[in-house]
Amino acid sequence: MKKSKILLLLLLLPVLCYGQLIGFGGQYSNGANGQFFASMAFPTLHEKNKLNTFVSSGLEITTSGGAEMSGLNLKPIQIKSFLSEDLFNNNPFTILVGVDGGYLFDFRRGQKNGIVLTPNVYVDYKFFFVKAGYDFDVSNGRNQFFARAGVGIGLGVLKMFAKTQIW
């Protein structure tokens, strides 16, 4: 089992090199004493549309800290929306609302892996971001609220150095 986890991480290493939204920090979730998280995502489909939505893929890693769900969460589909072009183009902060779908590899003994759906809200300003949402493990009937705060490289950093707009 240990060899398969190491092999999985080595296979994912090239994907990490394409990350465009990378962050790490602390997470609060139900029952946890404190958790560390790291996340990355990269856009996979970003066509101009009336809903201001785009699709990305990524992964998140959270430490246990007593949380109901933690581990490596592969998220092949993340649907996000900027809400409006004016809100994005005319403010130094970024607000995204979305739903992530993925597969959680829960590394704690006795816990089951499963498909997880996560509605969430993400706000960033420069290097800092906050993300809050609710994880629904549809395979095992578990769920948890989470709130994260951290630092990262993403849209907030781009807005610091260039007039970034949705085109």
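What pairs from Lys75/Lys112; Lys50/Lys80; Lys50/Lys75; Lys48/Lys126 go past 22 Å between their alpha carbons?
Numbers: Lys75/Lys112 17 Å; Lys50/Lys80 13 Å; Lys50/Lys75 25 Å; Lys48/Lys126 24 Å.
Lys50/Lys75; Lys48/Lys126, as the Cα separations exceed 22 Å there.
Just the C-alpha atoms of segment 67-131: what Rg/Rh do they give, with Rh taken as the Kirkwood radius? Could you put the intermediate results ahead of the total?
Details: Rg = 15.0 Å, Rh = 13.6 Å.
That ratio equals 1.11.
The candidates Lys126, Lys3, Lys159, arranged from most to least accessible area with a 1.4 Å probe in the full protein assembly, appear as Lys3, Lys126, Lys159.
Across Lys75, Lys112, the residue with the most accessible area heads the list, and the full order at a 1.4 Å probe is Lys112, Lys75.
What is segment 80-131's relative contact order, in percent, from Cα pairs under 8 angstrom and six or more apart in sequence? Mind dumping the intermediate values first?
On the way: 79 pairs, mean separation 17.1, N = 52.
The value is 33 percent.
Shown in residue order for segment 131-137 are the 3J(HN,Hα) couplings computed by the Karplus curve 6.51 cos²θ - 1.76 cosθ + 1.60 at θ = phi - 60°: 9, 10, x, 9, 8, 10, 8 Hz (x for Gly and Pro). A cut-off under 11 angstrom between Cβ atoms defines the neighbours of Gly25, and their net charge, with Lys, Arg +1 and Asp, Glu -1, is +2. Can you send over the carbon and sulfur percentage of the accessible area for segment 23-167, probe radius 1.4 Å, protein chains only? The value for segment 23-167 is 66 percent carbon and sulfur by accessible area.
Normalised by 2.2 N^0.38 Å, where N counts its residues, the alpha-carbon radius of gyration of segment 46-159 equals 1.13.
The values are calculated or read from the model by the stated rules, or taken from the named source; none is laboratory data. Just so it is clear, the structure is predicted and the values come from calculations on it, not from any experiment. Because the Cβ atoms are built from the backbone with ideal geometry, glycine has one as well, and the counts that use them run over all protein chains shown. Heads up: the accessible areas ignore ligands, DNA and RNA and are worked out on the full protein's heavy atoms, side chains in. Shrake-Rupley method; radii C 1.70, N 1.55, O 1.52, S 1.80 Å.
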